[in-house]
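Chemist: Below is one structure. I have some questions about it.
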Amino acid sequence: MTDRILVTGAGLETCIGGDLTAFWRNLVEGHSGIRPLTSFDTSDFPLKIGGEIDLDPTAFMSRTDVRRTCRHHHLLMSAVSKACERLSLRSGDVVALVVGSGGGGEAAMAAEFGKHAERLATQGWRAFDRLAVTRVLPNMAAAFVADKLRIHGPCLTVTTACASSTDAVGIAAALLRSKAADVAIAAGVDAWLNPYSQGGFCKLQAVSTRPAAEAAIASRPFDRDRDGMVPAEGAGAVILERDSAGRLRGEEVLGAVLGYGSSCDAEHPVMPRADGAIAAAAVQRALAQSGLGSDEIEHINAHGTSTPLNDVAETRALKRVFGPRCAQIPVTANKSVLGHASGACGILEMIATLLTIRAGVVPPTVNLDNPDPECDLDYTPLAARERTIRAAITCNFGFGGQNAALTLAAAD
Amino acid sequence: MTTRDSRVPTMEDVLEDVTKFLTELLADREIEPAPVIGPDTLLFDADGSGAATLELDSLDALDLISALEGEYGIEVPGEIVFATIRTVEDIAKVVVSIVQ
């Protein structure tokens, strides 16, 4: 069995709360964070709703830093800072930072375009301000956080669409096991609620077009009446340390990362492989690295995007891995209340899974009123359920056929 | 920066904007005592004259220029920024000359 990687801290910013207590409470009680969008004018958009975060970056960043960066940076800085609140380093510790983001700087670029749209038409490239590049390069949010927290170890940005921050955790764990770092911060962020980013997804017909009045019921993973994902912004971060390093000094351990798996459908830019075979491979690899058998998994945190294609393909993938027993494993889809935070969804759902294991309560998949006949697993519909869980899988599947999964376990 | 009317900004207008920007920038750094910013205040390195310097770095310079370019809809040639600008008044003169 591979060295256990322990999770010794977590922080997040989500539309259902910016602290673990509120986040967990709203997940368990099924309180959706999806509202009518206010970030931009949606009157001309088919998308009307999303998961927005009420964040004042000046509460934790200087005004200068706020001005020189963008919301992408702000969210990441908040989540990582919170995760690091109780981090205690030894002299000489090498700290790594691995950040997953589906859009990377894409949303920042979109925001820059939006800011300068009128001037771009008349001035061309000269309309961009001189610091635009420091905001839009995909690595710059991680670099900014590393600068502020004096992180001098590996500082990496991973972009694999919706699998980004799950991959970030896996890569961070690998850095620890290879001793390239003593402590690793794995994080995820996406701030993509702007007209340019969402315009693209509207063109793909990938988002829910439910009206504003139906915001709270629009994200309906595995439900017959789902009509697309509901975008949300979000950021999360976890602190990872090797169990074998014996670093524990009374810190609270949230759980353990036992395994990680990754695969690529290599088939279609946006549609998942229908039979779920390669997505299943990612889950199987996460199990293999953990040393656990599929029969030891007692919970699955699904990707569950509320899109017609993902939810069916994912169901097939899970059945491939877990066989007939799959129908007895309680599954949950956090996006039913969180919305889809793009590359940040993986880290947020990982944190949710760790909290699920610790509490022995599976959060509900809300809005699952009428299951799609092709989605016939136990998705814990509508109400939370108590269940002793020792080990769980969390999985995410993104555009480009990017698949990633983690095997998570209780702290002891 | 303040939103001005359509008139061409004067030297006083630009000095006020530059001073306000720099005051806010330096306030974030919590320097004690707070530096006094005047037209002759050096922006970057000391010049041996004993004049006060704000010790701005290259990122600060880009930030300041970017703000002024955005405020006045101008482009400040890069060679001017680091070659000729030493004081608060210098940057204001460059902006005024471009705008006018």
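Chemist: Looking only at residues that are in contact with a Pro (Cβ under 6 Å, 6 or more places away or on another chain) and open to solvent by less than 50 Å² (accessible area, probe 1.4 Å) in the range A:203-221, which one is nearest to A:Asp372 (Cα to Cα)?
Modeler: Here is the first cut: in the range A:203-221, the residues in contact with a Pro (Cβ under 6 Å, 6 or more places away or on another chain) are A:209, A:212, A:215.
Restricting the remaining residues to those that are open to solvent by less than 50 Å² (accessible area, probe 1.4 Å) gives A:212, A:215.
Numbers: A:Ala212: 24, A:Ala215: 20 Å.
Only one residue fits best here, namely A:Ala215.
Chemist: Report yes if some residue within the range B:78-85 is modelled with pLDDT under 90, under 14 Å from B:Leu22 (Cβ atoms) and open to solvent by less than 60 Å² (accessible area, probe 1.4 Å); otherwise report no. Give the derivation first.
Modeler: Initial filter on the range B:78-85 (modelled with pLDDT under 90): B:78-85.
In the following step, the residues that additionally are under 14 Å from B:Leu22 (Cβ atoms) were identified as B:85.
Those left that are additionally open to solvent by less than 60 Å² (accessible area, probe 1.4 Å): B:85.
Yes: the range B:78-85 contains one or more residues that are modelled with pLDDT under 90, under 14 Å from B:Leu22 (Cβ atoms) and open to solvent by less than 60 Å² (accessible area, probe 1.4 Å).
Chemist: Test B:Leu22 against the stated conditions and say whether it is more than 26 Å from A:Leu120 (Cβ to Cβ) and either polar (S, T, N, Q) or in contact (Cβ under 8 Å) with a residue 60 or more places away in the chain (or both).
Modeler: yes
Chemist: Can you tell me which condition A:Val270 does not meet? The list is (1) modelled with pLDDT of 95 or more; (2) surrounded by fewer than 24 Cβ atoms within 10 Å (Cβ to Cβ); (3) assigned to a loop (DSSP other than H, G, I, E, B), and all the others hold.
Modeler: So A:Val270 meets the others, but not (1).
Chemist: With respect to the numbered conditions (1) assigned to a strand (DSSP E or B); (2) among the polar types (S, T, N, Q); (3) modelled with pLDDT under 95, which one is the sole condition not fulfilled by A:Ser197?
Modeler: Every condition holds for A:Ser197 apart from (1).
So that you can scan it fast, the table gives a plain yes or no per residue for (1) in a strand (DSSP E or B); (2) at pLDDT below 95:
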residue	(1), (2)
A:Ile357	no, no
A:Asn367	no, no
A:Asp376	no, no
A:Ala383	no, no
A:Cys395	yes, no
A:Asn403	yes, no
A:Leu406	yes, no
A:Ala411	no, yes
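Chemist: Then there's this: Output the helices (runs of 4 or more DSSP H) that fall wholly within the range B:1-88 and possess 3 or more residues being aliphatic (A, V, I, L, M) and farther than 21 Å from A:Phe128 by Cβ, or say none.
Modeler: Details: elements: B:11-27, B:58-72, B:78-84.
The helices (runs of 4 or more DSSP H) meeting that bar are B:11-27.
Chemist: Just give me the residues in the range A:282-302 being open to solvent by 20 Å² or more (accessible area, probe 1.4 Å), small (Gly, Ala, Ser) and assigned to a helix (DSSP H, G or I), in sequence order. Spell out the reasoning first.
Modeler: Going through the range A:282-302, the residues open to solvent by 20 Å² or more (accessible area, probe 1.4 Å) turn out to be A:284-285, A:288-289, A:291-296, A:298.
Right, trim to small (Gly, Ala, Ser) and you get A:288, A:291, A:293-294.
Result: A:Ala288, A:Ser294.
Chemist: Can you say whether A:Leu89 is among the hydrophobic types (A, V, I, L, M, F, W, C) and either open to solvent by 50 Å² or more (accessible area, probe 1.4 Å) or within 26 Å of A:Gly401 (Cβ to Cβ) (or both), as far as the supplied structure shows?
Modeler: Working: among the hydrophobic types (A, V, I, L, M, F, W, C): yes; either open to solvent by 50 Å² or more (accessible area, probe 1.4 Å) or within 26 Å of A:Gly401 (Cβ to Cβ) (or both): yes.
For A:Leu89, the condition - among the hydrophobic types (A, V, I, L, M, F, W, C) and either open to solvent by 50 Å² or more (accessible area, probe 1.4 Å) or within 26 Å of A:Gly401 (Cβ to Cβ) (or both) - is met.
Chemist: Next question, about the same structure. Looking at the range A:182-202 only, could you name the residues that are open to solvent by less than 10 Å² (accessible area, probe 1.4 Å) and farther than 21 Å from A:Met140 by Cβ?
Modeler: A:Val183, A:Gln198
Chemist: In addition: Mind counting the residues in the range A:112-145 that are assigned to a helix (DSSP H, G or I), in contact (Cβ under 8 Å) with a residue 24 or more places away in the chain and over 25 Å from the mean Cα position of the chain (by Cα)? Explain how you work it out, then say what you get.
Modeler: So the first thing to find is which residues in the range A:112-145 are assigned to a helix (DSSP H, G or I), and the list is A:112-127, A:132-136, A:140-145.
Among the residues that remain, those that are also in contact (Cβ under 8 Å) with a residue 24 or more places away in the chain are: A:112-114, A:134-136, A:140-142, A:144-145.
With over 25 Å from the mean Cα position of the chain (by Cα) added as a condition, the list becomes A:113-114.
Residues flagged as assigned to a helix (DSSP H, G or I), in contact (Cβ under 8 Å) with a residue 24 or more places away in the chain and over 25 Å from the mean Cα position of the chain (by Cα) within the range A:112-145 amount to 2.
Chemist: Assess whether B:Met11 counts as being at pLDDT below 85, of a type in the set (A, V, I, L, M, F, W, C), open to solvent by 30 Å² or more (accessible area, probe 1.4 Å) and under 14 Å from the mean Cα position of the chain (by Cα).
Modeler: Numbers: at pLDDT below 85: no; of a type in the set (A, V, I, L, M, F, W, C): yes; open to solvent by 30 Å² or more (accessible area, probe 1.4 Å): yes; under 14 Å from the mean Cα position of the chain (by Cα): yes.
It is false that B:Met11 is at pLDDT below 85, of a type in the set (A, V, I, L, M, F, W, C), open to solvent by 30 Å² or more (accessible area, probe 1.4 Å) and under 14 Å from the mean Cα position of the chain (by Cα).
Chemist: If you go through the range A:31-70 one residue at a time, how many are away from chain B (no Cβ under 14 Å), buried (at least 18 other Cβ atoms within 10 Å of the Cβ) and in contact with a Ser or Thr (Cβ under 9 Å, 6 or more places away or on another chain)?
Modeler: So the count comes out to 10.
Chemist: Among the residues in the range A:156-164, are any in a helix (DSSP H, G or I), under 28 Å from A:Gly339 (Cβ atoms) and under 18 Å from the mean Cα position of the chain (by Cα)? It would help to see each step written out before you state the result.
Modeler: Going through the range A:156-164, the residues in a helix (DSSP H, G or I) turn out to be A:164.
From what's left, under 28 Å from A:Gly339 (Cβ atoms): A:164.
Pick out the ones that are also under 18 Å from the mean Cα position of the chain (by Cα) and you get A:164.
Scanning the range A:156-164 turns up at least one residue that is in a helix (DSSP H, G or I), under 28 Å from A:Gly339 (Cβ atoms) and under 18 Å from the mean Cα position of the chain (by Cα).
Chemist: Right, next: Go through the range A:127-156 and give me each residue that's within 13 Å of A:Gly104 (Cα to Cα), more than 14 Å from every other protein chain (Cβ to nearest Cβ) and open to solvent by 50 Å² or more (accessible area, probe 1.4 Å).
Modeler: Scanning the range A:127-156 gives A:Leu137, A:Pro138, A:Asn139, A:Leu156.
Chemist: If you go through the range B:8-38, how many residues are closer than 16 Å to B:Gly70 by Cα and of a type outside the set (Val, Ile, Thr)?
Modeler: Final tally of qualifying residues: 8.
Chemist: Does A:Gly323 meet the test of being under 26 Å from A:Pro373 (Cβ atoms), over 21 Å from the mean Cα position of the chain (by Cα) and small (Gly, Ala, Ser)? Step through it out loud before you land on a result.
Modeler: Numbers: under 26 Å from A:Pro373 (Cβ atoms): yes; over 21 Å from the mean Cα position of the chain (by Cα): yes; small (Gly, Ala, Ser): yes.
Against the criterion (under 26 Å from A:Pro373 (Cβ atoms), over 21 Å from the mean Cα position of the chain (by Cα) and small (Gly, Ala, Ser)), A:Gly323 qualifies.
Chemist: Filter the range B:36-55 down to residues that are open to solvent by less than 50 Å² (accessible area, probe 1.4 Å) and not hydroxyl-bearing (Ser, Thr, Tyr) and give me whichever is farthest from the other protein chains (Cβ to nearest Cβ).
Modeler: Looking only at the range B:36-55, we keep the residues that are open to solvent by less than 50 Å² (accessible area, probe 1.4 Å), and these are B:37-38, B:41-44, B:51, B:53-54.
Imposing the further condition that a residue be not hydroxyl-bearing (Ser, Thr, Tyr) reduces the set to B:37-38, B:42-44, B:51, B:54.
Details: B:Ile37: 15, B:Gly38: 21, B:Leu42: 20, B:Leu43: 15, B:Phe44: 16, B:Ala51: 24, B:Leu54: 13 Å.
Checked the range B:36-55; the qualifying residue farthest from the other protein chains (Cβ to nearest Cβ) is B:Ala51.
Chemist: Let me ask something else about it. Give the range A:365-394 a look and list any residue that's in contact with a Pro (Cβ under 6 Å, 6 or more places away or on another chain), open to solvent by less than 90 Å² (accessible area, probe 1.4 Å), farther than 12 Å from A:Arg226 by Cβ and of a type in the set (A, V, I, L, M), or say none.
Modeler: Passing the criteria: A:Ala383, A:Ala384.
Chemist: Ok, one more. Being among the hydroxyl-bearing types (Ser, Thr, Tyr), under 21 Å from the mean Cα position of the chain (by Cα), assigned to a helix (DSSP H, G or I) and crowded, with 21+ Cβ neighbours inside 10 Å narrows it down to one of A:Thr305, A:Thr315, so name that one.
Modeler: Numbers: A:Thr305 fails: assigned to a helix (DSSP H, G or I).
After applying the criteria, what remains is A:Thr315.
The values are calculated or read from the model by the stated rules, or taken from the named source; none is laboratory data. All figures in this text were calculated on a predicted structure; none of them were measured in a lab. Neighbour counts run over all protein chains shown; Cβ positions are idealised from the backbone, glycine included. When the accessible area is computed, the model is the full protein with side chains, heavy atoms only, and any ligands, DNA or RNA have been set aside. Shrake-Rupley method; radii C 1.70, N 1.55, O 1.52, S 1.80 Å.
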